[in-house]
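Asker: Next up is a structure, given as structure tokens.
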Amino acid sequence: MDFIQYLQNWTKADINQGKWMIGIAILIILPICILFIQTSNSLQKGMLIPLCLLLLMNISYGSYLLISKSKHAEQTSKSFQLKPKETTENEVAKIKADDKSYTMTKYAWAGLLILSVICFFIFNKDYFRGLSLGFAIMFMGMLVIDVFLHHSLKLYLLNVIK
């Protein structure tokens, strides 16, 4: 395979993940948020804020992936036809920077997840326990998203460097 095919495969993987993120947000997280709004349970009320944030993050970042990745692939393909060596070098530098970024965010999400779980056991009031549990779910969701995005980026990087 050549550079353009690797770029297209990576773009398709990120676009598919964006679709999954939006689908999961609408089909799973939105009904849960609506259900929690209607409840009087304070544990569930506490979980509502982080779950709504997760819903918004999934929809917004998934939409960003759908819009930006196809444009990036198009621009990079055109640039590659004009200046293949320079485009490849620029793309490798960008991918390496993104790789560092994904590595750092994975540690951040994992650390915040652990902190949220600890807070769940420290708090006595149901609302704050629900809030910490909701944040734990939110950070877990963000960690899973970044792990999948990082995995497809690593595959792209390995293939482009060859």
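The values are calculated or read from the model by the stated rules, or taken from the named source; none is laboratory data. The model shown is predicted, which means the values in this text are computed figures rather than measured ones. Glycine gets a Cβ as well: all are built from the backbone with ideal geometry, and neighbour counts include every protein chain shown. Accessible surface is based on the protein model in full, side chains and every heavy atom, while ligands, DNA and RNA are left aside. Shrake-Rupley method; radii C 1.70, N 1.55, O 1.52, S 1.80 Å.
Residues checked against (1) more than 16 Å from the chain's Cα centre (by Cα); (2) more than 24 Å from LYS45 (Cα to Cα):
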{"position": "LYS94", "(1), (2)": "yes, yes"}
{"position": "ASP99", "(1), (2)": "no, yes"}
{"position": "PHE123", "(1), (2)": "yes, no"}
{"position": "ARG129", "(1), (2)": "yes, no"}
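Asker: I need a count of the residues in region 102-145 that are among the hydroxyl-bearing types (Ser, Thr, Tyr) and open to solvent by 60 Å² or more (accessible area, probe 1.4 Å).
Answerer: 2
Asker: Within region 69-89, count every residue that is in a helix (DSSP H, G or I) and exposed (fewer than 14 other Cβ atoms within 10 Å of the Cβ).
Answerer: Total meeting the criteria: 10.
Asker: Sticking with this structure for a sec: Exactly one of these conditions fails for LYS96: (1) of a type in the set (Lys, Arg); (2) closer than 30 Å to CYS119 by Cα; (3) in contact (Cβ under 8 Å) with a residue 24 or more places away in the chain. Give me its number.
Answerer: Single failed check for LYS96: (2).
Asker: Which of the residues belonging to region 1-27 are closer than 16 Å to GLY141 by Cα and either exposed (fewer than 12 other Cβ atoms within 10 Å of the Cβ) or basic (Lys, Arg) (or both)?
Answerer: Answer for region 1-27, where residues must be closer than 16 Å to GLY141 by Cα and either exposed (fewer than 12 other Cβ atoms within 10 Å of the Cβ) or basic (Lys, Arg) (or both): LYS19, LEU27.
Asker: Consider GLU74 carefully, then state whether it is charged (D, E, K, R) and more than 20 Å from SER152 (Cα to Cα).
Answerer: The answer is no for GLU74.
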